[in-house]
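Colleague: Take this structure, written in structure tokens, and hold onto it; I'll ask about it next.
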Amino acid sequence: MQKSNIKQVAPDQSMLQYFEGKVEIKKVITDTLTKDFETFLVTFIDGARTKLHYHETDQVLIATEGKGIVVLQTGVKMDSDTIATVNMDEVHYLEVGDYVCVPAGKWHWHGASKRGNFIHYQIKKPGKTTWLE
């Protein structure tokens, strides 16, 4: 068994290019502890958000502070062989204690409400994330 405290986890700077605005990311549970799942504590500051992306595994988001938003794809229309329009019409607002499961393969973004701060845990099995922006 290994015991740690989130306060002792240093922020991870390696993922900042996948966000718009100021964020702090802490890898709370990594493959050094278990290879079954990963957990990040993400702090979005002053309306910050992720860039558009999807995961090859389901992702659970648990709101712990502030107000947040999760926006998911509702459809994809191919405009040509290489150009598509992605409809992002499914919107969920999160407050402390709320949680959502974003299905694998679903384009989405998440972050703080405008001009606000938001903190959530992100939990998922390890796997590839594809970033669009």
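Colleague: What's the exposure ranking of 42, 96, going from fewest to most Cβ atoms within 10 Å?
Modeller: Arranged by neighbour count, lowest to highest, 42, 96 become 96, 42.
Colleague: Given H placed on each backbone N at 1.01 Å, which residues far from residue 19 in sequence or on other chains put an amide H within less than 5 Å of it?
Modeller: Correct list: 51.
Colleague: Search the structure for amide H atoms under 5 Å from the amide H of residue 98, placed 1.01 Å from N in the peptide plane, and list their residues when 5 or more places away or on another chain.
Modeller: Here the answer is 63, since their amide H atoms fall under 5 Å of that of residue 98.
Colleague: May I ask you to compute the full-extension gain from residue 80 to residue 36, defined as 0.36 nm times their residue separation minus their alpha-carbon distance, rounded to one decimal in nm?
Modeller: Between residue 80 and residue 36, full extension yields 11.9 nm more.
Colleague: Show me 43-56, 13-26, 77-90 ranked by packing, highest mean number of other Cβ atoms within 10 Å first.
Modeller: Most protected by this proxy first, the peptides run 43-56, 13-26, 77-90.
Colleague: Hey, another quick one. Using the Karplus curve 6.51 cos²θ - 1.76 cosθ + 1.60 with θ = phi - 60°, what ³J(HN,Hα) values do you get for each residue of segment 122-131, in whole Hz, with x for Gly and Pro?
Modeller: 10, 10, 6, 5, x, x, 6, 10, 9, 9
Colleague: Next up: Eigenvalues of the Cα gyration tensor times 5, then square-rooted: what semi-axes does that give for the chain, in whole angstrom, largest first?
Modeller: For the chain, the ellipsoid semi-axes come out as 26, 18, 13 Å.
Colleague: Enumerate the amide H contacts of residue 67 below 5 Å, restricted to partners 5 or more residues apart or on another chain; note that Pro and chain-start residues carry no placed amide H.
Modeller: 113, 117
Colleague: Here's another thing I want to ask about it. Which shape class, rounded, prolate or oblate, goes with segment 1-57 when its Cα gyration tensor gives a ≥ b ≥ c as root eigenvalues, a/c under 1.5 marks rounded, and past that a/b bigger than b/c marks prolate?
Modeller: Oblate shape, in that a/c is at least 1.5 and b/c is the bigger or equal ratio.
Every number here is computed from the coordinates shown, using simple stated rules; none is lab data. These figures come from a predicted structure and were not determined experimentally. Neighbour counts run over all protein chains shown; Cβ positions are idealised from the backbone, glycine included.
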